Structures are given as structure tokens and as C-alpha cells.
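One structure is given below, encoded as C-alpha cells.
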Amino acid sequence: MASPPVRTSSRDSVDALLTACAGGDPASFTPVYDALAPVAYGASIGVLRDPDHAAEVTQEVMVEVWQTAARFDAARGSARTWVATLARRRAVDRVRSEQSRRDRDQRDTDLRNGESARDVVAEDVERSLEGSAVRRCIEGLTPTQREAVVVAYYGGLTYREVAEQIGAALPTVKSRIRDGLIRLRDCLGVARHV
């Protein structure tokens, strides 16, 4: 006489079915799959946020469950916990793998476009040195040139607004800014465009 089917809703029955799978009983895997695939999918989607990737991970996990059911130890936790742990780990591996692939693709794209890897520290040092040189050169301007250039460029004002702010005629402000910029160019060693 056949025993009645085991309900898969209780923890003990799912654990028992998983233990039966370890013995290689294929008939016992269908209810295990039905009970635990949603657990694997839920854990996967929680990490991946992509239904297609989560479905792939769920399939991989359920194959692993079938192949490694003998590793399940009910004394250490429930079948649901074991499968959720397997799914989370595999989903995290998938995220890492995808990130590595994106990084490789980006490096390949950068190399194809002739862009070399950026040295952020060197760029910061260079920017700092350039800032120091600009400050030193600004200090070398006459007080009237310095005032006009600083107000215009750091204040973001037009010639007319600079003239109003410093109380000078518009042509005078234009001359001060032009002469100041010429001196800055020469001080910084910037090549003159013809």
C-alpha cells in the first residue's frame, strides 16, 4: 500500500523530501522543486533586481539542490534556509561576475578609443599645482588689473557689471582685464593662438 503524499507546506515535510532526494529518488524532487524554487527565486530577485537573471539563478540553484541534496543537514537549518542561502550566494556571484564583465568591457572600450587609464592622484596634484601657479600669477598683476580680472572671472560678471561694481569706466575695465589676461598668459607660459 502506497503512503499518502507528503504535504510540502510544512518545514519538516520539505526537509524530509529533500533528504529523500539525497538518496537519488527522482519522484521526490518534483515537490521539493515546487516548494523551494519560489524561495530560491525570492532570494535571487532580492539581490539581482532583474527577473531574467533571477530565473537563471533559480534554475542553477535547483540543479545544485538536486545534485548536492546529500549536503543538506536538517540539524543546521531548514531546507528553505539552505536553498535561500545557496540562491543569495549564487546571486551575489552573478552580480560580481556582471560587474567584472562591465569593467572589462569598459577597459576594452577605453583602450579602443585610445584613452589611457587615468591616474587620479597625478591629476589632483597637477590641478593643485596649476591652481598655485594661477594664484601666484594673479598676485603679479597690478592691483587694478587683479581687481578687474578677479571680479570678472571669479564673480562671473560682464564687463559692464565689473565697471559698475568697481566704479570705473567701461573702456578702462576692458583694458585692465585684457592687459591682466595677457600678463597671466605670459606668466603661466600659455602658448598664444594666432
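The values are calculated or read from the model by the stated rules, or taken from the named source; none is laboratory data. Predicted model, so just to flag it, every value in this text is computed and none were measured. No Cβ is skipped: glycine too gets one built from the backbone with ideal geometry, and neighbour counts run over all protein chains shown. Heads up: the accessible areas ignore ligands, DNA and RNA and are worked out on the full protein's heavy atoms, side chains in. Shrake-Rupley method; radii C 1.70, N 1.55, O 1.52, S 1.80 Å.
Tabulated results
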| quantity | calculated |
| --- | --- |
| Karplus (6.51, -1.76, 1.60) ³J(HN,Hα), θ = phi - 60°, over the range 157-171, in Hz, Gly and Pro reported as x | 9, 7, 4, 5, 5, 5, 4, 5, 5, 9, x, 10, 5, 4, x |
| Phi to ³J(HN,Hα) by Karplus 6.51 cos²θ - 1.76 cosθ + 1.60 over the range 26-38, Hz, x for Gly, Pro | x, 5, 7, 6, 4, x, 5, 4, 4, 7, 9, 4, x |
| Simple Cβ-charge dipole of the chain, Lys/Arg +1 and Asp/Glu -1, about Cα centre, in debye nearest 20 | 620 debye |
| Option label - Kirkwood radius over Cα pairs in Å computed here, alternatives (1) 23.4; (2) 16.6; (3) 17.3 | (1) |
| Fraction of accessible area attributable to carbon and sulfur, the range 31-179 (%, probe 1.4 Å) | 50 percent |
| Neighbourhood charge, 15 Å Cβ-Cβ cut-off, centred on Ala168 and excluding it, Lys, Arg +1 and Asp, Glu -1 | +1 |
| Dipole moment magnitude, nearest 20 debye, the range 140-194 about Cα centre, only Lys, Arg, Asp, Glu C-beta charged | 200 debye |
| Estimated vicinal HN-Hα couplings, Hz - the range 135-142 in sequence order (Karplus 6.51, -1.76, 1.60; Gly, Pro = x) | 4, 4, 5, 5, 5, x, 7, 5 |
| Highest-fluctuation residue, Leu181, Leu18, Leu36 considered, GNM on the chain with Cα pairs under 10 Å | Leu181 |
| Accessible surface, the chain, averaged per residue in Å² (probe 1.4 Å) | 67 Å² |
| C-alpha long axis of helix 79-112 to longest principal axis of the chain, angle in ° | 30 degrees |
| The chain: angle of helix 11-22 to the longest principal axis, Cα-based, in degrees nearest 10 | 80 degrees |
